[in-house]
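Undergrad: Questions regarding the structure given below will be posed in turn.
The values are calculated or read from the model by the stated rules, or taken from the named source; none is laboratory data. The structure displayed is predicted, hence computed values, not measured ones. When we count neighbours, we look across all protein chains shown, and the Cβ atoms used for this are built from the backbone with ideal geometry, even at glycine. These area figures cover heavy atoms from the full protein model, side chains too; ligands, DNA and RNA do not enter into them. Shrake-Rupley method; radii C 1.70, N 1.55, O 1.52, S 1.80 Å.
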Amino acid sequence: MNQREIGSRYEAMAVSYMQKQGMRILRRNYYCRQGEIDIIAREEPYLLFVEVKYRRNLCNGHPAEAITAAKQNRIFQAARYYLYEQQLPEDTPVRFDVVSILGSELQYIRDAFWQG
């Protein structure tokens, strides 16, 4: 299994979890020049921008630790572009969440980071 297939597998796991929690998935793997967002979803009143990170074990650290300040900034810029592209108001309530998967254990982190 290559990295892309592995990523897709764990993103699907994240989507399944989110749907079971009542979140509505709007888009997966959103790409624009500013960056990439793994999952865009809706949990009223919020528009969610979700990053999915997987690690088999802790040898390379906890999955959530891989979301550096630079990565957060790219996600934020991509989210701003998504709002613009969808003609949504800049004051749309948004949340930046993380799905951290370590082995087979999934952890959903609400408000994992914020750029304002």
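Undergrad: Order Glu5, Glu44 by their accessible area, 1.4 angstrom probe, all chains in place, largest first.
TA: From most accessible down to least: Glu44, Glu5.
Undergrad: Taking trypsin sites (Lys or Arg not before Pro) as exposed when DSSP calls them loop (any state but H, G, I, E, B) and at most 16 other Cβ atoms lie within 10 Å, what is the longest stretch of the chain free of them, the sites themselves excluded?
TA: 57-116
Undergrad: If you fit an axis through the alpha-carbon atoms of helix 3-20 and take the longest principal axis of the Cα set of the chain, what angle between them do you get, 0 to 90°, nearest 10?
TA: Value to nearest ten degrees: 60.
Undergrad: Using the Kirkwood formula over every pair of different C-alpha atoms, what hydrodynamic radius in Å results for the range 10-116?
TA: It is 14.0 Å.
Undergrad: Rank Glu51, Glu11, Glu65 by mean-square fluctuation in a GNM of the chain with C-alpha springs under 10 angstrom and give only the top-ranked residue.
TA: Checking each option, the largest mean-square fluctuation is seen for Glu65.
Undergrad: Now, a different point. Ignoring everything except DSSP H segments at least 4 long, calculate the 222 nm mean residue ellipticity for the chain; use -39,500 (n - 2.57) per segment, divide by total residues, nearest 500.
TA: About -10000 deg cm²/dmol.
Undergrad: Please give the net charge around Asp111, taking every other residue with its beta carbon less than 15 angstrom from that of Asp111, where Lys and Arg add +1 and Asp and Glu add -1. Present the calculation step by step, with values, prior to reporting the outcome.
TA: On the way: positive: Arg95, Arg110; negative: Glu43, Glu51, Asp97.
So the surrounding residues net to -1.
Undergrad: Share of the chain's accessible area from carbon and sulfur, percent, 1.4 Å? Write down the numbers at each step before the final one.
TA: On the way: 3130 of 7020 Å².
Here carbon and sulfur together make up 45 percent of the probe-accessible area.
Undergrad: Can you work out the accessible area per residue across the chain, with the rest of the protein chains kept in place, probe 1.4 Å, in square angstrom?
TA: Per-residue value: 61 Å².
Undergrad: In degrees from 0 to 90, rounded to the nearest 10, what is the angle of the helix 69-85 Cα long axis to the longest principal axis of the chain?
TA: Its long axis makes an angle of about 40 degrees.
Undergrad: Counting only protein chains, not ligands or nucleic acids, how are Cys59, Cys32 ordered by accessible area (probe 1.4 Å), most first?
TA: Greatest to least solvent exposure: Cys59, Cys32.
Undergrad: Taking every DSSP beta bridge that has both residues in the chain, what percent is antiparallel when rounded to the nearest 5?
TA: Around 65 percent of the beta bridges assigned by DSSP in the chain are antiparallel ones.
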